[in-house]
Structure formats: C-alpha cells, structure tokens
1. Working out 0.36 nm times the residue gap between residue 115 and residue 351, then minus their Cα-Cα distance, what length gain in nm do you get to one decimal?
2. One-quarter of the Cα convex hull surface for segment 182-240, in nm²?
3. Given a Förster distance of 30 angstrom, what is the FRET efficiency for residue 312 paired with residue 364, based on the Cβ-Cβ distance and rounded to 0.05?
4. Once R0 is set to 25 Å, what does the formula 1/(1 + (r/R0)^6) return for the Cβ-Cβ distance between residue 196 and residue 219, expressed as a FRET efficiency to the nearest 0.05?
5. Give, in nm to one decimal, the length gained when the segment between residue 276 and residue 182 is fully stretched (0.36 nm per residue of separation minus the Cα-Cα distance).
6. May I ask for the distance between the Cα centers of segment 202-278 and segment 337-381, given as a whole number of Å?
7. Just to be sure I understand the model, the point goes 7 Å from the Cα along the line to the Cβ. What's the resulting residue 248 to residue 52 distance in nm?
8. Cβ neighbours within 10 Å, averaged per peptide: list 110-117, 337-344, 237-244, 249-256 in order, most packed at the top.
C-alpha cells in the first residue's frame, strides 16, 4: 500500500514540478540575455564587435546632369512613292530595291514615254498654229483700221470705230487660243518629265511594289522611301526629369543627346526636338522626340542606326553647382545617408536635387570631406560602432562600371 502511494506521489511531482522547472530556467536565460544586450544609442559596448563598413569621401563640385532614357528609332520622313502619270514601266534603277539608297532627284524608274513625246510634239505644233493665227488677226485688225479711216474720209458723216469693226473680239480670241496652247505645251512637257519617277529626297528604299513591265496608274504605290538625312527617336522620360531638358526653338537647338545601340553597336549624336503632348499609357511617362542627323553614317562612315530598334539615349542637361554626387546605394530610404563620424554611425537626412538609377546629387545635409557609408547594414542604429574602410576613387569607378553593365 505504501509503495503504491509513493509511486503515485512521484508521478504527480513529475507532472507538476518538471514544467515549473523548465519555465523557471527559460525565464532565467531570457533575463540574462535582456540585461546583457547593448542599448540603442550607446557607442562601443563591452564585447560587441564593430560593424565593418566601406565609406567614400563627400566632395562638393559642379556636375552636369545626364538623363538616361530608352527609345525607339523611327523615320523622320517616310512616303509611299507614286507616279504622277500612268504608263508602262520600262526601266528600274538598280538602287530602287529594298535596302537601296537613292539620292535626291535620282531616277527610281522610267515609264515608256513614247505617247508623252508625241503629245509634246502636238502641243508644240498647236502653239505654232495659234501664234500664226494671232499674227494674222493682228494684221486683219490693221486692215480694219485702215478701211475705217478711208471710209471716214470719203463720207460726209462720222464713222464710229466700234470694237466689232476693229475686230477686237477676234483678236482677244486669238490671244486666248495662244495662251491655251502654251499652257497645254507646258503640261505636255511636265508629263514627259514625270514619266521619270524620281526620289524627292535622299532616301532608303524599304519596300518596292512594281517590277519591270508593270502597267501603273497615278493611284498605285510604287514603293516606300525613308529619308536618310534624319531619323527620330521617340523616348520615354520620367515626368520629374522634364525640367532638366531644353527643347528646340527656332533660334536654338535642344539638349544634346548621345545615342547608343546594343543591337547594331551604333553610336550617334543628336539633340532634343520637342515634347509629344501625351503620356505613355502603360508607364505614365512623358514622350520626347529626339533628332539624329545622318543616322546611317553616310557622311562619316560610322555604324548606322536601324529603324525600329531599341536604343539608349543619354540626354545632357544643365550643370548644377556645388552638389555632392553619391552612388545611388548610398542614399537610404530616399531621404537620408549614413555618415561615419569617426567610428560612430550618424544617420542624417539630406536634400536630393536630382537622381537616376546610378547617381544622386545632394545639395544640403552633407559637407565636403565627410565619410559616407556605402555598405548595407542589416539593422542600423544611431551611434552604433563601426570599423571604417575608406573606398578609393579607383574602386568606386570599377564598381560603377560593374553596376552599369549589370543594369544594361
């Protein structure tokens, strides 16, 4: 009986006592951790390893703003080539083929001009005939005047010199006939000239719709031409960056632009033309038109841009004075930077006047010579202890190159 009672008491102790012992032990461990943790805002605490960080030295200077945007190459001039007279295609230029280049005024194709030459001859003959008729009528008018004078001398009554008697209507008719014949002659000359279809400007042929022997009318499209003197780039720009861009006027060009293509490896220079008056629907960004002269490198021999390719545009804005340029990762939460004040962390608000994906310009809140932390810290605390390693300019340059390649 006693043994049974003892066994029951032991089980009750294990059931109640063990959980209590575990709770007491956990509370003791938690209290130990709580009282041994360094408090926020204190500097170096006993037994705490300083956080290793890299810093760069702040330097105020004048820096130009460069806005990097993306855009699509498009034609500044594009037409569907049509003939102004109908006819039979007799000859095609070797350059009038997709990918071919035509100079302004160069003949793209010739129509059979036999009918137009005959029409020109007929018009020339008609001018000769009507001019002769006019000369005859002028002679007739002189005869009519002489007859009226004789009649007036031989008659006792006055003779009225009416316009009909002087053949003035007949003379006017002869003059009008000559004018009509000369106009018809000019039309015949134009039609003969128009039987040669010419490029209206320096052009790249992107499409041809006729062949040798085709019969065409004035409504038929012969091909598509794109001007080679200038291309446009339609770029999407953040609305906040528009204030840094200068747009073209009748007196001055817009902001300078450098174009780079990873597809064609082309690099071209241009300038901003104007802002297109609507936003990109998907991104709510502004649309800006950029002009690129000699996009195919026909004058300088450089690599050409390709229509419809996607390119990077670097728009050069104005130079801002007395700003501190920092890498983008040095800006924390968009409004502050971390300063290494000796071996202590100082979290400080700053004013950002401009930024892009790689760089920010600081106008206030930071002084030349201060060390800006570029290393990420998991749990930054004001006043925490740091172990500072200053980053050299060469190291910063190499890092910027790596970031640019990664972004690209």
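The numbers here are math on the coordinates, done by the rules we state, and not lab data. Every value quoted in this text rests on a predicted model; they were computed, and no experiment measured them. Glycine also receives a Cβ, built like all others from the backbone with ideal geometry; neighbour counts cover every protein chain displayed.
1. 77.1 nm
2. Working: hull surface 30.9 nm².
Directional mean of the projected Cα hull area for segment 182-240 stands at 7.7 nm².
3. My answer for the efficiency is 0.45.
4. Values: r = 19 Å, r/R0 = 0.76.
According to the calculation, E is roughly 0.85.
5. Fully extending the segment from residue 276 to residue 182 adds 29.0 nm.
6. Cα centres, segment 202-278 to segment 337-381: 42 Å.
7. Placing both labels 7 Å along Cα→Cβ, they lie 5.5 nm apart.
8. Working: 110-117: 16.9, 337-344: 18.5, 237-244: 14.8, 249-256: 12.0.
Ranking the peptides 110-117, 337-344, 237-244, 249-256 by packing returns 337-344, 110-117, 237-244, 249-256.
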